[in-house]
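Asker: First the structure, then my questions, so here it is.
Each reported figure results from applying straightforward, stated rules to the coordinates on display, with no laboratory input. Note that this is a predicted model, so its numbers are computed, not measured. Ideal geometry is used to build each Cβ from the backbone, glycine not excepted, and the neighbour counts take in all protein chains shown.
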Amino acid sequence: MAVKEICPSPTLAAGQEQDGFRVRRVEQIPEIGVTAYEIDHEKTGARLLHLHCEDRENLFSIGFRTPPRDSTGVPHILEHSVLAGSERYPLKDVFNELMRGTLQTFINAFTYPDKTIYPVASQERRDFFNLARVYTDLVLRPRLLRETFLQEGHHLEFDTQGELSVSGIVYNEMKGAYSSPDTLMYKALQENLYPDTPYACDSGGAPESIPDLTYEAFREFHRTYYSPTNARFFLYGNIPTGEHLSFLAEMLAGFDRVAVDSSIPLQERWDRPRSVHGYYPIDREEKLTGKTTVNVGWMTALNTDAEEAMLLSIVADLLVGSAASPLRKALIDSGLGEDLSPVTGLERDLQQISFAVGLRGTDPDRVSGIEALIRDTLGSVAAEGFDSRLIEGTLHQVEFHGRELVRGSYPYGIVLMGRAYHTWLYGGDPLTDLNFPRTIQAIRRRWEAAPDLFQGIVRKWLLDNPHRLLSVMEPSRTIQEDRQQADRERMASLAASLSPQDRERIVAQSEALKRFQAEPDRPEAASTLPKLDLGDISREIETIPSETSAIGDIPALCHELFTNGIVYLDLAFDVSDVPEELQPYLPLLGKLTVQMGAAGLTYEEMAKRISLKTGGLGVNLASGMTADGKSGWQKMFFSVKALYRNIEEAVEIVRDILTAGDLNDATRMRDLILEKRNGLKAAVIPSGHLFAQMAAAAALSLPAWRTEQWHGRTQLRLISGTADGLNEQREALREKMARLREFVFTRNRLRLNLTADGEGMTRLARAAATLCALPAGTPPARTEEKSRQKEHVGIAIPAQVCYVAKVLTAPPYRDRLSAALFVLARQLSNGYLYRHIRVQGGAYGGSCRYDPLGGLFAFTSYRDPHLTETLEIYRRAVDVATGTPVPREEMEKAVIGAIGALDRPLDPAGKGYTALIREFSGLTDADRRRFREEVLDSTPDGLLAAARDYFAAAEKTAVVAVCASEERLKGANETLREKLTLEKLNS
Ligand SMILES: [Zn+2]
């Protein structure tokens with residue numbers, strides 16, 4: 001394969017010593033262009049892995065093995081708290097300072113069931129080492145103030161009515177998590193499949209156990225596990241290894257090797273299967289039938305057994321990974337339930353790997369039928385084996401995804417870190433999962449020698465494995481109220497037991513906490529943080545190579561980039577003049593086009609073809625405004641990616657689904673509709689803020705209305721209605737789909753977008769000519785923008801927390817205020833809103849965002865215990881922005897942070913797509929240059945003037961939408977001046 005497979009030349013050799021470190025091993029992995037170093041710190045025993053490569057987005061992370069002993073959430077509360085401050089950086093919230101005032105491209109912390117990881121990334125060398133320096137100090141030497149513990153963990157307080165309640169950021173975060181059926185399902189499996197290990201505890205914290213955590217136990221957990229001896233440093237990027245070693249030698253000076261036992265006991269294998277039963281909350285008026293989920297899980301091999309782990313991941317994919325997978329197909333086709341359970345698949349972030357499969361949308365009386373079907377299907381697979389095309393397709397997927405450079409919301413380094421940890425954390429070789437070509441080759445050889453290899457794995461780890469758990473999750477209309485009632489009773493009895501002195505202590509403590517939170521950091525403390533100068537920041541924008549061309553008579557945009565042997569093709573169809581009544585059906589058209597049969601092949605055969613010849617086939621609908629704000633665009637995108645050797649076939653697949661799709665398979669159509677409905681429904685609780693934001697924005701512009709129609713609650717309702725009335729409406733629906741297809745999939749509304757390197761581009765352009773087989777159709781007609789009715793809405797959802805959105809119209813990208821509003825939104829988010837909604841309010845998050853290409857300014861809160869108070873904070877945030885200038889030192893941070901947000905790196909596919917969107921928006925490099933310069937040159941007075949200019953008129957356009965329980969919404973309406981129109985999520 002003609003690919004630039006270059007690993008940096010080794011700069012250190014195995015056995016070599018530097019700065020107190022000893023290099024254990026050096027290994028090159030050409031397929032991902034990495035030279036890997038495994039290194040030990042001799043004095044402390046700290047372990048280090050550096051993946052040296054050409055990527056300039058360097059990643060630094062510290063990880064500890066942190067197995068919990070209870071469900072008080074101590075690993076999670078600690079994860080939130082160490083980043084608050086250290087002796088050296090004695091601020092109240094260093095994490096927030098780093099997030100807002102550096103060029104970080106990623107900054108976060110993660111609590112897993114058995115480890116805690118602190119990663120930061122940056123593209124600027126100085127910024128990178130500043131971040132790494134502060135992070136290491138915070139993690140190893142945190143202050144862990146009592147106030148931080150109370151704020152992040154839990155504390156008691158009396159609310160305005162004098163009622164006693166528990167508050168705390170993690171406490172509220174976990175209350176939100178415990179409302180999500182997906183989370184509850186996953187918990188039930190993990191905790192009951194490994195009952196004799198730390199995995200039986202919730203490292204995140206169970207809301208009823210969090211208040212049991214003491215400050216002393218919290219500090220003790222840090223002392224026990226946060227030592228260099230128990231640490232694993234994972235580094236990635238183009239900074240040479242030697243520089244990291246000099247830096248880390250300085251950071252680790254003063255630490256010794258300590259005795260630490262963070263080992264995780266193995267779960268002993270059962271000799272017979274077990275079962276558990278649980279409930280998740282639904283709305284009081286929802287029906288109970290068809291809402292149970294049945295899962296079956298197995299404990300399988302050790303993660304450190306790399307080849308067995310790889311075999312299991314292949315087998316998991318064979319069984320359930322695609323529409324052609326036998327176990328998936330058997331479950332869906334059985335009609336015993338609606339779609340696969342979201343926990344289906346392999347879980348590798350545990351010492352002993354688990355596999356689970358299940359059906360969602362079923363009833364308790366079908367449990368034994370589902371269990372039997374799973375057993376019988378595994379039995380026949382074990383006896384007869386898998387289709388060899390399915391196996392080839394799966395091996396191709398492993399190869400493809402091992403090679404592809406992906407940078408979505410996470411840096412690529414994070415993806416590789418996750419793979420390394422699968423084995424590294426448990427004492428195994430960290431490189432096995434990265435060195436996928438070697439493992440795949442070994443597996444291929446074994447498969448050739450023993451054609452029953454994969455079915456043998458099914459027999460060994462699933463069929464004949466007694467360590468199996470049946471988990472049934474039923475809906476409950478009362479569990480939410482029962483929990484709240486139990487909370488109230490617990491609080492009432494606690495309140496009754498309090499002496500007057502106790503009450504005074506609680507009041508005094510919460511007042512002291514409020515004072516602590518409101519008090520600004522001392523300037524000396526703030527000056528301890530290493531900072532970049534504005535002068536160090538480049539005034540130049542990064543550009544994406546784009547060349548306009550045509551393939552036949554279809555206009556195309558080409559981006560020649562290094563893509564590691566993969567080509568990306570996007571097809572964008574203009575859907576702006578699709579008749580209004582058909583617009584909400586576009587998402588379904590997309591799904592059916594990609595997932596039904598085509599060109600005489602069944603959906604199953606198509607699925608095999610797609611898996612064998614592409615790295616994925618996707619569909620998406622998006623809309624936006626132009627940079628001048630004068631018009632908008634609305635597009636339906638199909639995207640395909642492929643290895644060079646498969647380019648021609650990948651494009652043929654796209655042509656086939658667009659020109660010869662099959663809409664006749666009624667069963668498949670029903671299954672896909674149910675899957676879509678269930679997926680959307682499950683997304684509401686984890687993304688409540690986005691549903692609220694879409695609902696509020698819908699009245700403000702046509703692109704925002706389209707977003708609501710295609711992705712919001714409007715879409716959920718349409719799909720639910722379609723699913724319920726499918727029997728009567730099947731023909732009408734098919735007719736709509738056929739009409740839409742004929743209207744949309746035509747050359748005259750198509751724009752192609754090609755991303756590849758030189759050789760790939762030539763071949764892709766040649767292959768894409770086959771798309772000229774699409775009918776010409778009519779060019780899109782001009783459409784009139786209609787005004788929509790403004791309404792404040794309250795959407796009732798079964799959750800213990802609120803999601804509060806308020807959206808305003810805002811000027812377009814090219815407006816003179818745009819750069820100032822961009823900086824201002826970040827400043828408000830990281831300053832006023834962060835302090836009042838998160839720190840003082842106890843919500844998981846609260847922020848605002850200005851979207852210049854959507855023409856919107858949106859305030860949102862996430863997992864928020866408050867509702868009306870949050871709306872009041874949004875109002876006061878505007879008063880702050882229009883009342884006083886941003887202090888100078890804050891200003892500099894806001895500008896640096898805003899530049900960091902503009903410079904977020906993209907992967908090759910992301911670059912190609914972004915360039916296409918810029919083209920649709922009429923956004924030129926000159927516009928972007930002007931915007932960047934105005935951001936860099938913004939001043940406190942400039943922001944103040946922009947805020948006054950903007951908010952005076954914009955506040956009148958504001959629309960509010962809230963997702964919360966019905967009780968909370970009704971309560972809010974008693975005091976709100978502008979009432980929320982209450983609606984059910986599903987009606
Ligand atoms: Zn958290």
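Asker: Report whether or not ARG734 is surrounded by 19 or more Cβ atoms within 10 Å (Cβ to Cβ) and of a type in the set (D, E, K, R).
Answerer: On the way: surrounded by 19 or more Cβ atoms within 10 Å (Cβ to Cβ): no; of a type in the set (D, E, K, R): yes.
Against the criterion (surrounded by 19 or more Cβ atoms within 10 Å (Cβ to Cβ) and of a type in the set (D, E, K, R)), ARG734 does not qualify.
Asker: Give the residue, chosen from ALA819, ALA810, that is farther than 27 Å from LEU980 by Cβ and buried (at least 21 other Cβ atoms within 10 Å of the Cβ). Please lay out each step first, then the result.
Answerer: On the way: ALA810 fails: farther than 27 Å from LEU980 by Cβ.
Result of the check over ALA819, ALA810: ALA819.
Asker: Looking at the structure I just gave you, is SER576 touching a residue at least 12 places away in the same chain (Cβ under 8 Å), outside any loop (DSSP other than H, G, I, E, B) and crowded, with 18+ Cβ neighbours inside 10 Å?
Answerer: no
Asker: Which pairs turn up if I take residues in the stretch 797-815 that are farther than 20 Å from VAL962 by Cβ and look for partners that are surrounded by fewer than 24 Cβ atoms within 10 Å (Cβ to Cβ) and of a type in the set (Val, Ile, Thr) with beta carbon separation below 8 Å, at least 6 apart in sequence or on another chain?
Answerer: Here the result reads PRO812/THR626, each pair linking the stretch 797-815 to a residue that is surrounded by fewer than 24 Cβ atoms within 10 Å (Cβ to Cβ) and of a type in the set (Val, Ile, Thr).
Asker: Is it the case, given these coordinates, that LEU985 is within 25 Å of the chain's Cα centre (by Cα) and surrounded by fewer than 18 Cβ atoms within 10 Å (Cβ to Cβ)? If you could, list the steps in order and put the result at the bottom.
Answerer: Values: within 25 Å of the chain's Cα centre (by Cα): yes; surrounded by fewer than 18 Cβ atoms within 10 Å (Cβ to Cβ): no.
When the stated conditions are applied, LEU985 does not pass them.
Asker: Another question, if that's okay. Kindly indicate whether ALA512 is of a type in the set (Gly, Ala, Ser) and within 30 Å of GLU648 (Cβ to Cβ).
Answerer: On the way: of a type in the set (Gly, Ala, Ser): yes; within 30 Å of GLU648 (Cβ to Cβ): no.
No, not satisfied.
Asker: For the stretch 590-605: of the residues being polar (S, T, N, Q) and outside any loop (DSSP other than H, G, I, E, B), which is nearest to LYS676 (Cα to Cα)?
Answerer: Filtering the stretch 590-605 for residues polar (S, T, N, Q) gives 593, 595, 602.
Imposing the further condition that a residue be outside any loop (DSSP other than H, G, I, E, B) reduces the set to 593, 595.
Working: THR593: 14, GLN595: 12 Å.
Only one residue tops the list, namely GLN595.
Asker: Now for a separate question. Tell me the residue from ARG863, ARG888, ARG928, ARG875 that is surrounded by fewer than 21 Cβ atoms within 10 Å (Cβ to Cβ) and under 30 Å from ALA796 (Cα atoms), please.
Answerer: Numbers: ARG863 fails: surrounded by fewer than 21 Cβ atoms within 10 Å (Cβ to Cβ); ARG888 fails: under 30 Å from ALA796 (Cα atoms); ARG928 fails: under 30 Å from ALA796 (Cα atoms).
None of the other options fit; the residue is ARG875.
Asker: So, of the residues in the stretch 35-81 that are assigned to a strand (DSSP E or B) and without any contact (Cβ under 8 Å) to a residue 60 or more places away in the chain, which turns out to be surrounded by the most Cβ atoms within 10 Å (Cβ to Cβ)? Steps first, please.
Answerer: Of the stretch 35-81, the ones assigned to a strand (DSSP E or B) are 35-41, 47-52, 58-65.
When the remaining residues are screened for being without any contact (Cβ under 8 Å) to a residue 60 or more places away in the chain, the result is 35, 40.
On the way: THR35: 21, ASP40: 15.
Restricting to residues being assigned to a strand (DSSP E or B) and without any contact (Cβ under 8 Å) to a residue 60 or more places away in the chain, the top hit is THR35.
Asker: Out of the residues in the stretch 143-192 that are without any contact (Cβ under 8 Å) to a residue 40 or more places away in the chain and more than 22 Å from the chain's Cα centre (by Cα), which is nearest to the ligand (Cβ to nearest atom)?
Answerer: GLU191
Asker: Next question. Here is a list: LEU658, LEU672, LEU700, LEU663. Which entry is assigned to a loop (DSSP other than H, G, I, E, B) and crowded, with 21+ Cβ neighbours inside 10 Å?
Answerer: Values: LEU658 fails: assigned to a loop (DSSP other than H, G, I, E, B); LEU672 fails: assigned to a loop (DSSP other than H, G, I, E, B); LEU663 fails: crowded, with 21+ Cβ neighbours inside 10 Å.
The match here is LEU700.
Asker: While we're here: Looking only at the stretch 81-140, filter to residues that are among the basic types (Lys, Arg) and under 14 Å from ILE896 (Cβ atoms); which one of those is farthest from the ligand (Cβ to nearest atom)? First the steps, then the outcome.
Answerer: Just the residues of the stretch 81-140 that are among the basic types (Lys, Arg), to begin with: 88, 92, 100, 115, 125-126, 133.
Within this subset, residues satisfying the condition of being under 14 Å from ILE896 (Cβ atoms) are 100, 126.
Details: ARG100: 18, ARG126: 29 Å.
This residue is ARG126.
Asker: While we're here: Being surrounded by 19 or more Cβ atoms within 10 Å (Cβ to Cβ) and either assigned to a helix (DSSP H, G or I) or of a type in the set (A, V, I, L, M) (or both) is the filter here, so list the residues in the stretch 748-764 that pass it. Reasoning before the result, please.
Answerer: Taking the stretch 748-764 first, the residues surrounded by 19 or more Cβ atoms within 10 Å (Cβ to Cβ) are 749-750, 752-757, 760-761, 764.
Scanning the stretch 748-764 gives ARG749, LEU750, LEU752, LEU754, ALA756, GLY760, MET761, LEU764.
Asker: Only one of these is within 16 Å of the ligand (Cβ to nearest atom), farther than 27 Å from VAL895 by Cβ, assigned to a loop (DSSP other than H, G, I, E, B) and of a type in the set (Gly, Ala, Ser): GLY777, GLY842. Name it. Please lay out each step first, then the result.
Answerer: Numbers: GLY777 fails: within 16 Å of the ligand (Cβ to nearest atom).
Result: GLY842 is the single residue among GLY777, GLY842 that is within 16 Å of the ligand (Cβ to nearest atom), farther than 27 Å from VAL895 by Cβ, assigned to a loop (DSSP other than H, G, I, E, B) and of a type in the set (Gly, Ala, Ser).
Asker: On the given criteria, is SER701 without any contact (Cβ under 8 Å) to a residue 24 or more places away in the chain and closer than 26 Å to GLY624 by Cα? Spell out the reasoning first.
Answerer: Details: without any contact (Cβ under 8 Å) to a residue 24 or more places away in the chain: no; closer than 26 Å to GLY624 by Cα: yes.
So SER701 does not fit the description; no.
Asker: Shifting gears a bit: So which residues in the stretch 274-320 are touching a strand residue (DSSP E or B) at 6+ places or on another chain (Cβ under 8 Å), more than 30 Å from ARG483 (Cα to Cα) and part of a loop (DSSP other than H, G, I, E, B)?
Answerer: Within the stretch 274-320, just ASN303 meets the criteria.
Asker: Evaluate the stretch 578-600: report whether one residue or more is under 19 Å from THR707 (Cβ atoms) and hydroxyl-bearing (Ser, Thr, Tyr).
Answerer: So the first thing to find is which residues in the stretch 578-600 are under 19 Å from THR707 (Cβ atoms), and the list is 578-591.
From what is left, the residues that are hydroxyl-bearing (Ser, Thr, Tyr) are 585.
The answer is yes, given that some residue of the stretch 578-600 is under 19 Å from THR707 (Cβ atoms) and hydroxyl-bearing (Ser, Thr, Tyr).
Asker: Sticking with this one: Kindly indicate whether any position in the stretch 627-635 is surrounded by fewer than 23 Cβ atoms within 10 Å (Cβ to Cβ) and either among the aliphatic types (A, V, I, L, M) or over 30 Å from ALA704 (Cβ atoms) (or both).
Answerer: yes
Asker: Pick from LEU469, LEU395: which is hydrophobic (A, V, I, L, M, F, W, C) and closer than 26 Å to ASP114 by Cα? Explain how you work it out, then say what you get.
Answerer: Working: LEU395 fails: closer than 26 Å to ASP114 by Cα.
Selected residue: LEU469, the only one of LEU469, LEU395 that is hydrophobic (A, V, I, L, M, F, W, C) and closer than 26 Å to ASP114 by Cα.
Asker: Within the stretch 399-439, work out how many residues are within 13 Å of ALA306 (Cβ to Cβ), touching a helix residue (DSSP H, G or I) at 6+ places or on another chain (Cβ under 8 Å) and small (Gly, Ala, Ser).
Answerer: Residues that pass the stated criteria total 1.
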